[in-house]
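The structure appears below as structure tokens.
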Amino acid sequence: MASHDASDPRPGVIIAGGGVAGSLAARRLAESGSPVTVLDPAPPFPPDPERRGALYMKPAVDYNPETRFAHQAFLVASKFYTHLQTQHPEIDFWSPTGTLSLAWNQREQQRQQKLLARNQWDPDFLEPVDSDRASLLSGLELEVPGLWFPGGGHIRVDALRQAALGHPMIRTITATADGNRIQASADSWQVALPEGETLQASTLIVATGAQTTEWVPDLPLGRIRGQLTTLPTLLSTPRVALAGAGYALPPFGGRLCVGATFDRDSGLETPDPLSDQANLENLGHWLPTLANQLEGNRGSGHWVGFRSTTPDHMPVAGQLNGRFVLAGLGGKGLMYAPLLAAHLAALVSGTPSSLPADTAQRVSPQRFARS
């Protein structure tokens, strides 16, 4: 892992958390010239092939502020992942296959029809397709129409983290720290690590996902369990990322991926066979063509994680009580993180952000500040 010179006199940044949000924030800051130290209890080496995700969005029928934000985030994410992949061709993390959002039942068909009737979308971003076109794109026999997002795709998440952290201005430390080990002075932050080292920097960013409240207890964040299921490749597998009442991703390393569960009341950190069963049963509701082929398929793999959520379903990106926070991305982290990481880097450096002012207010942690 490349690391910056510890004697560099420029003030640095400490990022607690090396997940998607933390690693992309580190990359954005490093590319702007800031030395960054990332604290990560589980560095992505080697990448876990079971941990995967899709770049997709579900626009609202009306082009409201939340959809405008998601639209911008999707475009930024697609461009960012393509650029980062060209910078790290040795790390295969991004498959720009496009994403097909299926109108898998009558209600979703009606919703998509209203969406198209009330808005004019750039076909380079979103294109309606009939069942024949959907079948051709996906490589599966489909009987429903859908929305085609050419800029979508699927991602090997830990490989993405590895690529993002692979910058000479980023130092990654395998360490577990918590909010009880930080101290603030007039111009710096000190973070004491359990191993005995104390880090110091002018800026602290908390991007610890579902553990964020340990660092920033004022935020009303939730914690929702999700489990992915991977299975051996079939003769007929999707060629693009498919979304419906879940998602199904093309094979990587001989295994396709379906998911994910949404367990509000579970703290189980290990894979659960019942969650695999739930993923396959859910797939049967929205993508029976693939589910029928998977019936009886053995040798499933898994990945378990916890989403960080907010009461208003908008993420958190901004400054609160002197520290910067990037959290609450829910199940949309792969879409939101590149844009919000750039926004946070702009706030840290004092440069203009590409995020519109009203959107910046909507995602600011100040909206939850106690009066």
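Tabulated values for the structure
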item	result
Meets criteria (among the hydrophobic types (A, V, I, L, M, F, W, C), out of contact with any Phe, Trp or Tyr (no Cβ under 9 Å at 6 or more places or on another chain), under 17 Å from T359 (Cβ atoms) and modelled with pLDDT of 95 or more) for V76	yes
From R370, R362, R298, residue being out of contact with any His (no Cβ under 7 Å at 6 or more places or on another chain), at pLDDT 95 or above and open to solvent by 40 Å² or more (accessible area, probe 1.4 Å)	R362
Residue, modelled with the lowest pLDDT, within region 49-64, restricted to residues that are open to solvent by less than 50 Å² (accessible area, probe 1.4 Å) and within 18 Å of the chain's Cα centre (by Cα)	E50
D265 among the acidic types (D, E) and either under 28 Å from V240 (Cβ atoms) or open to solvent by less than 70 Å² (accessible area, probe 1.4 Å) (or both)	no
Exclusive hit being open to solvent by 10 Å² or more (accessible area, probe 1.4 Å) and either at pLDDT 85 or above or within 20 Å of the chain's Cα centre (by Cα) (or both), set A164, A186, A192, A177	A192
Of all residues in region 268-282 being among the hydrophobic types (A, V, I, L, M, F, W, C) and under 21 Å from G330 (Cβ atoms), the one that is least open to solvent (accessible area, probe 1.4 Å)	A278
Residue list for region 145-164, filter: outside any strand (DSSP E or B) and more than 30 Å from V38 (Cβ to Cβ)	P145, P150
Identity of the residue in region 205-242, out of contact with any Gly (no Cβ under 8 Å at 6 or more places or on another chain) and over 15 Å from T309 (Cα atoms), that ends up modelled with the highest pLDDT	L242
Index of the failed condition, P44 passing every other in (1) at pLDDT 95 or above; (2) more than 15 Å from L344 (Cβ to Cβ); (3) not small (G, A, S)	(1)
Set A291, A357: member being over 16 Å from L221 (Cα atoms) and either touching a Gly at 6+ places or on another chain (Cβ under 6 Å) or of a type in the set (D, E) (or both)	A291
Only one of G259, G246, G254 that is free of Cβ contacts under 8 Å to residues at least 24 places away in the same chain and either touching a strand residue (DSSP E or B) at 6+ places or on another chain (Cβ under 9 Å) or open to solvent by 10 Å² or more (accessible area, probe 1.4 Å) (or both)	G254
Search result, residues across region 280-297 that are part of a loop (DSSP other than H, G, I, E, B) and either within 25 Å of T82 (Cα to Cα) or free of Cβ contacts under 8 Å to residues at least 60 places away in the same chain (or both)	E295, G296
Residues located in region 216-258, provided they are closer than 30 Å to V348 by Cα and in contact with an Asp or Glu (Cβ under 7 Å, 6 or more places away or on another chain)	I224
Verdict on L287 being in contact with a Ser or Thr (Cβ under 6 Å, 6 or more places away or on another chain) and crowded, with 18+ Cβ neighbours inside 10 Å	no
So R239, is it closer than 16 Å to T99 by Cβ, touching a residue at least 40 places away in the same chain (Cβ under 8 Å) and open to solvent by 60 Å² or more (accessible area, probe 1.4 Å)	yes
Flag for G328 being within 11 Å of the chain's Cα centre (by Cα), within 14 Å of G19 (Cβ to Cβ), open to solvent by 10 Å² or more (accessible area, probe 1.4 Å) and of a type outside the set (D, E, K, R)	no
Total residues in region 201-229, condition outside any loop (DSSP other than H, G, I, E, B) and surrounded by fewer than 16 Cβ atoms within 10 Å (Cβ to Cβ)	2
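The values are calculated or read from the model by the stated rules, or taken from the named source; none is laboratory data. If you're wondering where the values come from, they're calculated on a predicted model, not measured in any experiment. Positions of Cβ are backbone-derived with ideal geometry, glycine not excepted, and every protein chain shown enters the neighbour counts. Accessible surface is based on the protein model in full, side chains and every heavy atom, while ligands, DNA and RNA are left aside. Shrake-Rupley method; radii C 1.70, N 1.55, O 1.52, S 1.80 Å.
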